[in-house]
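Below is one structure, written out as structure tokens; the observations come after it.
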Amino acid sequence: MRQFIRNLSLHKKIQSIVFICIFFMTAAALVSLRLITTSYDRILYRTTASSLSASSMGMHNCLETLNTMADLFLADSVIQTGLGTLKDSDQVQDTSAAYRDVYGALTEYYFTFRKNHIKYMGLYQNNFTIHTYLPFSRGLLPREVEEYLLEKAREGGGATVWATDYADEYGLFLVKSIRRTEFLQLDELGILVVNVDLEGLITEAAGSGFLQTESSYVLFDDGNLIYSSSPYMEKEPLEYDRDFREPYGLASYSAQKQSGGGPRRITDVFYVKSRIPGVGWDYICMIPYDSILSSLRTGQMLCFALLLVSVVVMLVLSSGLIHSITRHFDTLLQKIHNFGDGNQKPLPVDYDYENRSDELGILHVQFDHMVDEVNQLIKTNYLNEILIKEAQFKALENQMNPHFLYNTLESINWRAKLMGARDISSMAESLGALLRFTLDQANKEVSLKRELESVQYYMTIQKYRYEERLDYQILVSEELMNCLVLKLTLQPLVENAIRYGLEENTECCLVRILAEADRTNRVLYVYIKNNGSSFEENLIEKLETHEVEPHGFGIGLLNIRNRMQLTFGEAYGLELYNEEDLAVVRLIFPLTDETRGAATC
């Protein structure tokens, strides 16, 4: 399988990679779409439930307003006075005036609150009845209905009572026994009967909210069905209570439409079940789930269609782009085969690569130049060219000596100063001084001042390279500058500190050089500290046993320690340890100065 993949053409390899990426992107998009759709379903259910619950609040507010109206009617002084006069007085003149007053007040309440779906209002007293408007065909309610309403009002004992037994035929009734409030006599002055258009009340509530589909309501009071606007009327209240157990959700049932019969079918509805506060009625508000489902399916189909179109477009575009790239590689392969077959004439190509600066253009142009150069070499005397090249390399090798390097660096320094390039001049001076110090074989030991100067030259060059990322401090007192140290010990350690301090550190690397003298034991300590790195425990021993292999370049730690011990003895050398967030190298030298006299140091 691997061999088969390796032998595929570049076009097929790139195309396979693109197809795999498109496949995984499409799979991820489908999974994400599924998760989003599931989450959206839950949010939609909750939002729909909230909207249906909000529509039921419209009914609650209307019923509360009617309750408030009944309380205001009870406390109205005109009603109290008029009904009291009608009950107590035998004078025709007084009762006539009282009748007009009560009728006017009743009419005023009717017109003020009739927007709350009041059909008519009536007052019943033993001797007479006052009505605002009678919507019934015969003008009066049946006697058994009136007796039922009066009985419900008296059972309420002055409280507002909602009578629901005849709601399906005559609508909803609010009844209230009007008691005399003067001197808290509380005898019955009359009974208020308010007929409410339940159909209009529920229709208005069902049409509110953000849902475009009107909702259906089923109301029942203590197990008795009050009202149902659902097109399916076969269920009894107990069946509703059984099938709609959760506060909201989906329900499916087989039903037959109320109007006209017809075949039975399965109906899916989204419902909200709750209780209307204040009146204690249970209600089930439902809407056809088909409307919600169609909205969800439409959105999903649009997403799938968009995803499919995107995949097709990506495949077409990627195939075109891949071909536009690989055809140039195919042309290059043809050139290579043509050249490998020994044809010196270039392969005719109907494309100009000279004006292209991308990788393909560079490959073609460089290959063409290479072919031209090879052909030119073939035409000339190959051996003669080789001899000339050997002579040139020999001349360059003879010139690569310290004197030549120094003169060259001085020329660069002079030219840089002439042009005002101080950084180049400083780097050239530092590099020349560093080379002189390094190649000077006269002395094996130098003063600490001379060794620190070589460090300064090296640091000057590195500062131009790392700029603000590198900072160094040399904290050595003047009295220790004449102390002798082994040549080429500080600069390699500073080089390692910079390399490892900046290897994985994006912040500033601080290199600090300090020196102190232990005059009692005649020892000079030189410290090189840097941040950004740390030493392994027992690193010197691990390097000696090859447990840790050095992976740096230049002069190693073992080289420096061995040279110091060979020069000064086993008591001297270097130590490695970590101090807080700093890596520390401590060099131990004997305390002597340039004249071999210890007094100066």
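The values are calculated or read from the model by the stated rules, or taken from the named source; none is laboratory data. Here the structure is a predicted model, which means the values were calculated and not measured. Note that each Cβ is placed from the backbone with ideal geometry, even for glycine, and that neighbours are counted across all protein chains shown. Heads up: the accessible areas ignore ligands, DNA and RNA and are worked out on the full protein's heavy atoms, side chains in. Shrake-Rupley method; radii C 1.70, N 1.55, O 1.52, S 1.80 Å.
Of the helices (runs of 4 or more DSSP H) lying entirely inside region 399-469, those containing at least 3 residues that are on the phi < 0 side of the Ramachandran plot and at pLDDT below 75 are 402-419, 422-439. Close contacts from region 71-98, counting a first residue that is open to solvent by 70 Å² or more (accessible area, probe 1.4 Å) and a second that is in a helix (DSSP H, G or I), with Cβ to Cβ under 6 Å and a gap of 6+ residues or different chains, come to D94/T85.
Of all positions in region 23-30, none carries a residue that is among the β-branched types (V, I, T), within 25 Å of L317 (Cα to Cα), modelled with pLDDT of 75 or more and open to solvent by 50 Å² or more (accessible area, probe 1.4 Å). Per the conditions (1) in contact with a Ser or Thr (Cβ under 9 Å, 6 or more places away or on another chain); (2) not in a strand (DSSP E or B), the sole criterion not satisfied by I191 is (2). Among the residues of region 316-365, those identified as in a helix (DSSP H, G or I), open to solvent by less than 60 Å² (accessible area, probe 1.4 Å) and either touching a residue at least 40 places away in the same chain (Cβ under 8 Å) or among the β-branched types (V, I, T) (or both) are S318, S319, I322, T326, T331, V365.
Would you check which residues across region 211-228 are outside any strand (DSSP E or B), more than 14 Å from G58 (Cβ to Cβ) and either modelled with pLDDT under 65 or polar (S, T, N, Q) (or both) and list them? Explain how you work it out, then say what you get.
Applying the first criterion (outside any strand (DSSP E or B)) to region 211-228 yields 211-215, 222-223.
Still in the running and more than 14 Å from G58 (Cβ to Cβ): 212-213, 222-223.
Across region 211-228, the qualifying residues are Q212, T213.
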